There are 2 protein chains.
Amino acid sequence: MALSVNNRFSRIAGNMKRSAIRELLKLTQQPDIISFAGGLPSPESFPVEDLQEIMVQVLKEHGAEALQYGTTEGDVHLRELLLERMRKEGVQAGMENLVISTASQQGLDLMGKIFLDPGDVVICGSPSYLGGISAFSAYGARLTGIPFDDQGMRLDELYSVLKELKDEGRKAKFIYVIPDFQNPAGITLPEARRRRILELAEEFDLLVLEDSPYREIRFEGQPQPMMKALDTSGRVITLGTFSKIFVPGFRLGWVIGHEKIIEKFVMAKQTADLCTPVFLQKVAAAYLDSGHFEKNLARTVDLYREKRDLMLEGFRKHMPEGVTWTEPEGGLFLFMTLPSWMNAEKLLREAIVHKVAFVAGNVFFADNGGKNTIRINFSYASKEENKEGVERLAEVIRGEMKNHG
Amino acid sequence: MALSVNNRFSRIAGNMKRSAIRELLKLTQQPDIISFAGGLPSPESFPVEDLQEIMVQVLKEHGAEALQYGTTEGDVHLRELLLERMRKEGVQAGMENLVISTASQQGLDLMGKIFLDPGDVVICGSPSYLGGISAFSAYGARLTGIPFDDQGMRLDELYSVLKELKDEGRKAKFIYVIPDFQNPAGITLPEARRRRILELAEEFDLLVLEDSPYREIRFEGQPQPMMKALDTSGRVITLGTFSKIFVPGFRLGWVIGHEKIIEKFVMAKQTADLCTPVFLQKVAAAYLDSGHFEKNLARTVDLYREKRDLMLEGFRKHMPEGVTWTEPEGGLFLFMTLPSWMNAEKLLREAIVHKVAFVAGNVFFADNGGKNTIRINFSYASKEENKEGVERLAEVIRGEMKNHG
């Protein structure tokens, strides 16, 4: 007898949607499509050969311990190394302030789990990272997007939203910020805005979630201080990850925050997956110790800078008037704005016919905006594909313009 | 200014407790304590040398692909191999019925996430696995424990609970069963009871969660059919894991179930951690392909059988009258019942002074029972520790009896 399933699921399950991006990725994995769609690092950046050596070394040195259950908090040596890196960023944190996570996505999910009840408000960028929006929405949060200008989240808009909530006797749980080379906008928040967001968090008594996976992929310009480094009252929770600066396949990240908040993260992680693979943590630590990490990162930054330059050059050469784009100082993405009448989802269908893909920007807007925007990833495609893909994309856009009249 | 944190957390966070066992594990990790407390596999069972070879092989064969993001569903080849193993168990399932999980614990957590709203009833054994109880409780579930006899969950009690719920116009979401060498009781459900539980699930229209991490660690006797193999209507969701039959540190498990339920698991996993490390999935698949897996598993079963025998022999020799224990046909645990006046938590404090540790059984009872029970793990301690630990434990129990007069 066929089982009736649909009426059995929880409210949380009802809030979940298949990620539009991950579904799209399947479509764009056809080998003849040039994909600017995913957020994948370049496979050229993965230190495959170094890792062969280091893995054998870790198994020789640590043997069975590397294959056993580990503590939920994470490998002590890896955590020490991460704290040391954080100190160089001006973040003073101790072991009680850091837990290893199964990459940033787990940090986002557990952030939702430990802070959000149905109806709670989360402030995010408009646009913002889809994986964060989905994680918070699943717990029933109401996402309120703050529009961007060319320096990121607009502070006047942020203030009005917070003020309005306060006047209604409500408040947001936290402000979700991706300060460095934002996904999807490619914009970096200047120090002054970071400071002002923290002041507002203080004034309205909110937490700030700083999600910074691309920070170390900087091509040029001055790094702005981490928000955690500016945090004097313990309001900032920072998510870090090795996904973009080492390898994504290890699923290794970390969460830094107030001791009592990290304690809750640890409890939530116990229930979620007990611990992150010890072996992979020890490999990452050994890779950091070996000195190869910094060399490989520098190589990756050079590679992505070249790819970005190539893409910007292609855009300047081939894109018709009326199309604009951000010029990120780092990271993996840039954001393109099409003429206001153009629908990016429709454009995408056309683009796939022409064997090039991107993500229609509307999925990054909690408030249904951004219908004429697209996110473009420049880290994954090879340089040849980069050139060819830009030409195909420009052609598809020009075609749309011609049809429009 | 010190941040006030406690009033910020979600209802779910309020339902979470630090795992009593994992906290205890820290205490018992002092090197001079003989620990029967954790649920750790023996490090002697880990194929450290084989893995050195296989890891290098996987990196050589798959290169960057093994280090990249993977699909949420999991590595196709590993899933095929698992489906093939399941077919040998009589489980007919296709790719759409199986998702790789970050070990069983993620399966338990996502089971709670996609099915449980606050106040929902889950039926479990009394006793039952703490990691399951915690995962479901976090989502606000009301756990209802069904008492055990020497064959596991009592069917008369199960029927009355289900009937009573029905009479109140309510129903449980699912029955949580650990059918093979149950943690903590060490008991295996006979086929007849498995069939009857499925009949009751049909009659009362419930799902069944079959959690079977130890199934392949059988020392003797006939395997009873998997509940999934007896499932004719798609009501059974089965959690499997490599933690006890290969290595726990890879955090690799799988969930098998109705296509629409697996679809929800995939969505929930997307939000939880995007994917499980591709590299570790490929290593596990290559290890299965190599044929080493079966050999190593047989070696592990032999090792644990020896350890169980040694422990039972020690108990028979040293335990005072009034103490009884289960004699499991497999798995990692046995369950001891002390005289009814004896408090296992108090005994544990005394035991730690005498440098031996176990888990007080009450943590496994959703209904505050089991105060005179203890769970004993026999897989982790070496044979020498096994002997010495049993003597110490018997001495502590005799001491309690003497004090009691």
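The values are calculated or read from the model by the stated rules, or taken from the named source; none is laboratory data. Bear in mind that the values here come from a model prediction, so they are computed numbers and not experimental data. Positions of Cβ are backbone-derived with ideal geometry, glycine not excepted, and every protein chain shown enters the neighbour counts.
Laid out as a table, the results:
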item	result
Those residues of region B:340-387 which are among the hydroxyl-bearing types (Ser, Thr, Tyr) and in contact with a Phe, Trp or Tyr (Cβ under 8 Å, 6 or more places away or on another chain), in sequence order	B:373, B:379, B:380
Some residue of region B:310-327 being buried (at least 23 other Cβ atoms within 10 Å of the Cβ), touching a Lys or Arg at 6+ places or on another chain (Cβ under 6 Å) and of a type outside the set (A, V, I, L, M)	no
Hits in region A:137-180 - residues which are aromatic (Phe, Trp, Tyr) and either surrounded by fewer than 22 Cβ atoms within 10 Å (Cβ to Cβ) or farther than 13 Å from residue A:210 by Cβ (or both)	A:139, A:148, A:159
Residues located in region A:242-264, provided they are within 11 Å of another protein chain (Cβ to nearest Cβ) and β-branched (Val, Ile, Thr)	A:247, A:261, A:262
Residue match in region B:276-288 (condition: of a type in the set (Val, Ile, Thr), assigned by TED's automatic domain parsing to the domain that holds residue B:387 and touching a helix residue (DSSP H, G or I) at 6+ places or on another chain (Cβ under 7 Å))	no
Scan of region B:61-95 for residues that are free of Cβ contacts under 8 Å to residues at least 40 places away in the same chain, within 8 Å of chain A (Cβ to nearest Cβ) and crowded, with 17+ Cβ neighbours inside 10 Å, ordered by number	B:64
So residue A:233, is it among the small types (Gly, Ala, Ser) and surrounded by fewer than 22 Cβ atoms within 10 Å (Cβ to Cβ)	yes
Cross-chain or 6+ apart pairs with Cβ under 7 Å, region A:173-192 first and polar (S, T, N, Q), then not in a strand (DSSP E or B)	A:183/A:39; A:183/A:129; A:188/A:179; A:188/A:180; A:188/A:181; A:188/A:224; A:188/A:329
Residue within region A:327-342 that is among the acidic types (Asp, Glu) and within 19 Å of residue A:314 (Cβ to Cβ) present	yes
Residue A:135, sole failed condition from (1) touching a residue at least 40 places away in the same chain (Cβ under 8 Å); (2) closer than 27 Å to residue A:188 by Cβ	(1)
Residues (more than 7 Å from chain B (Cβ to nearest Cβ) and either buried (at least 24 other Cβ atoms within 10 Å of the Cβ) or touching a strand residue (DSSP E or B) at 6+ places or on another chain (Cβ under 9 Å) (or both)) located in region A:96-117	A:97, A:98, A:99, A:100, A:101, A:104, A:107, A:108, A:110, A:111, A:112
Residue in region B:293-307 that is basic (Lys, Arg) and crowded, with 17+ Cβ neighbours inside 10 Å present	yes
Residues located in region B:266-287, provided they are out of contact with any strand residue (DSSP E or B) (no Cβ under 9 Å at 6 or more places or on another chain) and either outside any helix (DSSP H, G or I) or more than 8 Å from chain A (Cβ to nearest Cβ) (or both)	B:274, B:277, B:282, B:283, B:284, B:285, B:286, B:287
Subset of region B:152-173 [in contact with a Pro (Cβ under 7 Å, 6 or more places away or on another chain) and within 12 Å of residue B:121 (Cα to Cα)]	none
Residue list for region A:297-344, restricted to those being part of a loop (DSSP other than H, G, I, E, B) and either closer than 20 Å to residue A:248 by Cβ or among the aliphatic types (A, V, I, L, M) (or both)	A:319, A:323, A:328, A:331, A:332, A:338, A:342
Those residues of region A:90-113 which are at negative phi, within 20 Å of the chain's Cα centre (by Cα) and assigned to a helix (DSSP H, G or I), in sequence order	A:104, A:105, A:106, A:107, A:108, A:109, A:110, A:111, A:112, A:113
Which numbered condition residue A:58 misses (of (1) buried (at least 22 other Cβ atoms within 10 Å of the Cβ); (2) assigned by TED's automatic domain parsing to the domain that holds residue A:282)	(2)
So residue B:220, is it surrounded by fewer than 24 Cβ atoms within 10 Å (Cβ to Cβ), closer than 24 Å to residue B:130 by Cα and in the same structural domain as residue B:166 (by TED's automatic domain parsing)	no
Members of region B:262-292 that are touching a residue at least 60 places away in the same chain (Cβ under 8 Å) and among the β-branched types (Val, Ile, Thr)	B:262, B:266, B:276, B:278, B:283
Out of A:372, A:377, sole residue that is crowded, with 19+ Cβ neighbours inside 10 Å and more than 23 Å from residue A:341 (Cβ to Cβ)	A:377
Qualifying residue in region B:3-16 (condition: at pLDDT 95 or above and surrounded by fewer than 18 Cβ atoms within 10 Å (Cβ to Cβ))	no
For residue A:56: the one exception among (1) in a strand (DSSP E or B); (2) more than 27 Å from residue A:39 (Cβ to Cβ)	(1)
Among residues of region B:345-381, those that are closer than 28 Å to residue B:175 by Cβ, aliphatic (A, V, I, L, M) and in a strand (DSSP E or B), counted	4
